[in-house]
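Asks: Mind having a look at this structure? Questions to follow.
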Amino acid sequence: EKGRTAEAKKRIGVMRQLAYEYWLNNGTLTGLANSDVGVDYTCVSTDFYKYWVDSYANSVYLVANRCTWGGKTPTSSKGYRVFMEYYPGTGTGDWHCHYDDGSAACFGMPY
């Protein structure tokens, strides 16, 4: 599973770039939608994760949630989220990971 996070980080990197472009064009991240960064919050057979955004005026959470069904085989027996909290104004972002049940951080990243 730790190795599969490389897929999530790569896709989140693309999402980050698209969120940055949105911020440049709009001066805010308010209103940023999944479609603006090319994701649709669905587990599909070509991905281990479903992706989405949660945006605020000055930051955005770019999230990959491990599929426990409907995604690329093998699915995970325990769901978790790998995400970046990104601040386009400063260009900084912090990586996080935690299990869906809130039990712990995962893969050496902060909760």
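The values are calculated or read from the model by the stated rules, or taken from the named source; none is laboratory data. This structure is a prediction, so every number in the text was calculated from the model and none was measured. Neighbour counts run over all protein chains shown; Cβ positions are idealised from the backbone, glycine included. Accessible surface areas use protein heavy atoms only, side chains included; no ligands, DNA or RNA. Shrake-Rupley method; radii C 1.70, N 1.55, O 1.52, S 1.80 Å.
Asks: Just by accessible area at a 1.4 angstrom probe, what is the order of 18, 29 from largest to smallest?
Replies: Sorted descending by solvent-accessible area, the residues read 18, 29.
Asks: If N is the number of residues in the chain, what value comes out of its Cα radius of gyration divided by 2.2 N^0.38 Å?
Replies: Normalised Cα radius of gyration, the chain: 1.04.
Asks: Which value, in debye to the nearest 20, gives the size of the charge dipole of the chain about its Cα centre, when Lys and Arg are +1 and Asp and Glu are -1 at the Cβ?
Replies: Here the chain has a charge dipole of around 380 debye.
Asks: In nm, give the distance between the simple-model label positions of residue 35 and residue 9, each being 7 Å from the Cα along the Cα-to-Cβ direction.
Replies: Distance between label points: 3.2 nm.
Asks: Follow-up question, since we're still on this one. Write down the accessible area per residue of the chain in Å², having rolled a 1.4 Å probe over the full set of protein chains. Mind dumping the intermediate values first?
Replies: Values: 5770 Å² over 111 residues.
Dividing the accessible area of the chain by its residue count gives 52 Å².
Asks: Given a 10 angstrom Cα cut-off, can you work out which residue in 39, 63, 82 is the most mobile in a GNM of the chain?
Replies: 39
Asks: Let me ask another. Quick check: pseudo-label points 7 Å beyond the Cα along Cα→Cβ at residue 45 and residue 73, how many nm apart are they?
Replies: The two pseudo-label positions are separated by 1.0 nm.
Asks: Considering only 90, 29, 43, whose Cα is most displaced toward the positive end of the charge dipole of the stretch 1-109, charges sitting on Cβ of Lys, Arg (+1) and Asp, Glu (-1)?
Replies: Of 90, 29, 43, it is 43.
Asks: If you don't mind, there's one more thing I want to ask. Restricting to DSSP loop positions (anything but H, G, I, E, B) with no more than 11 other Cβ atoms inside 10 Å of their own Cβ, which chymotrypsin sites (Phe, Trp or Tyr not before Pro) remain in the stretch 1-109? Kindly include the intermediate steps, with their values, before the conclusion.
Replies: Values: sites: 20, 22, 23, 41, 48, 49, 51, 52, 56, 61, 69, 80, 83, 86, 95, 99, 107; in loops: 41, 48, 56, 69, 107.
Here the sparse-neighbourhood loop sites are 41, 69.
Asks: Here's another thing I want to ask about it. Of all the stretches in the chain, which is the longest one without any exposed loop site, taking trypsin sites (Lys or Arg not before Pro) in a DSSP loop (any state but H, G, I, E, B) with at most 15 other Cβ atoms within 10 Å?
Replies: 3-71
Asks: Can you give the angle from 0 to 90° between the axis of helix 5-26 and the longest principal axis of the chain, with both taken from C-alpha atoms, to the nearest 10?
Replies: 20 degrees
Asks: Ignoring ligands, DNA and RNA, what percent of the 1.4 Å accessible area of the chain is carbon and sulfur?
Replies: Carbon plus sulfur share of accessible area: 51 percent.
Asks: Which FRET efficiency value, to the nearest 0.05, is calculated for residue 17 and residue 104 with the Förster distance at 22 angstrom and r the Cβ-Cβ distance? Intermediate values should be presented prior to the final figure.
Replies: Working: r = 30 Å, r/R0 = 1.38.
According to the calculation, E is roughly 0.15.
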